[in-house]
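Everything below concerns the one structure shown next.
The values are calculated or read from the model by the stated rules, or taken from the named source; none is laboratory data. Predicted, not measured: the structure shown is a model, and the values here were computed from it. Cβ sites come from the backbone with ideal geometry, for glycine too, and all protein chains shown count toward neighbours.
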Amino acid sequence: MIHGTPGVVKRKTIYFTAPRHVELCEESLPALGAEEVLVETVCSAISAGTEMLIYRGQFPQLADANDNLSSDLKYPLAYGYACVGRIKETGSRVDRSLLNKLVFAFQPHTTHFIARMAALLLIPASLPADAGCFLPNMETAVNLIQDAAPILGERVLVLGQGVIGLLAAALLHEFPLEALVTSDCYEIRRRASRDIGIKISFDPNQKDQPAHLENNFDLAIELSGRPETLNDALALTAFSGRILIGSWYGEKRAEIDLGGAFHRSRIKLISSQVSSIAPELRGRWDKARRFEVAWEALKRIEPQKWITHRFPIEEAEKAYKLLDENPQETIQVLFNYNA
């Protein structure tokens, strides 16, 4: 709810103040500019990857010109990049027909914000608000598949079935592959993977993994967020195969076995991150085209079915604690707002 003295809009914003500490701060918004809109937030999604690294204090404090969202970070900070809201006021130079339209913003968790329309994306009328919160992860999944470039008849493995892993697996399930297999430590996520139609989704911590999978895959996509999982990918990828690494590990480190079979394997290790488009695609692809593909994929896949928990913003500490201490109970956690 917009409140405060007349002419002054106040909002509540989540701030990360130290490792495993969040605060809900009230602050005033500046006056609305002529080319700006005031957005009242409906819902926003917590990233169980990047955002939890920030919550735990595991992010590297480095500047990266290619990644404005996840570089040069330091406490205290507001963070988040999956916000859906409704336009409640328009500046004098903004089309009034936009009032009450649902929009997406790469915006930290907050009850209200001011932005130029150029920084917002109108949500298709056929999509519910909570589906719109998945746009950044879907764009990431689209980018991963473009970088991976799966080939007709290939055997593909996706390691990690968090939201991005599930979205990538759902997109790959639309391809004519010989085999598609997934892996995750948590049963709730393996079950969601099987619900997509994937026949084999195994626990990487179990010793009785299917033996026939070793050195079997043409393509492995590493999305677990655990650097040690790269060893699983190396063991499961076939000669001259490729491993696409989409996880951001932050400051997490692990010993990677590059001294054994890898030396002769001709396996390619490929990094993939959504902030840029692969050079070989830039002549034909831009962010706008990739977003259009992502919107259409959201309509087909309906990822809102993977929302396991919803919290009011006032219970932010409880939401992050759940993801930190009991991730096995979660897939996607959302903040709902009184909009």
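If only one of Ala233, Ala238, Ala220 is in the same structural domain as Leu172 (by TED's automatic domain parsing), surrounded by 12 or more Cβ atoms within 10 Å (Cβ to Cβ), in contact with a helix residue (DSSP H, G or I) (Cβ under 7 Å, 6 or more places away or on another chain) and closer than 23 Å to Leu180 by Cβ, which one is it?
On the way: Ala233 fails: in contact with a helix residue (DSSP H, G or I) (Cβ under 7 Å, 6 or more places away or on another chain); Ala238 fails: in contact with a helix residue (DSSP H, G or I) (Cβ under 7 Å, 6 or more places away or on another chain).
One residue alone meets the criteria, Ala220.
Within the set of pairs 6 or more residues apart or between chains, which connect a residue that is within 12 Å of Ala45 (Cβ to Cβ) and in the same structural domain as Ser47 (by TED's automatic domain parsing) inside region 102-115 to a residue that is surrounded by 20 or more Cβ atoms within 10 Å (Cβ to Cβ) and of a type in the set (Val, Ile, Thr) with Cβ atoms less than 6 Å apart?
Short answer, once both residue conditions are applied: Phe104/Val84; Phe104/Ile123; His109/Ile14.
In region 19-30, which residues are on the phi < 0 side of the Ramachandran plot and either at pLDDT 95 or above or not in a loop (DSSP other than H, G, I, E, B) (or both)? Steps first, please.
Here is the first cut: in region 19-30, the residues on the phi < 0 side of the Ramachandran plot are 19, 21-30.
Correct list: Pro19, His21, Val22, Glu23, Leu24, Cys25, Glu26, Glu27, Ser28, Leu29.
What number goes with the only condition from (1) out of contact with any Lys or Arg (no Cβ under 8 Å at 6 or more places or on another chain); (2) free of Cβ contacts under 8 Å to residues at least 24 places away in the same chain that Trp248 does not pass?
(2)
Search region 154-171 for residues being in contact with a Leu (Cβ under 6 Å, 6 or more places away or on another chain) and over 25 Å from Pro327 (Cα atoms), and hand back the single one that is surrounded by the fewest Cβ atoms within 10 Å (Cβ to Cβ).
The qualifying residue surrounded by the fewest Cβ atoms within 10 Å (Cβ to Cβ) is Glu154.
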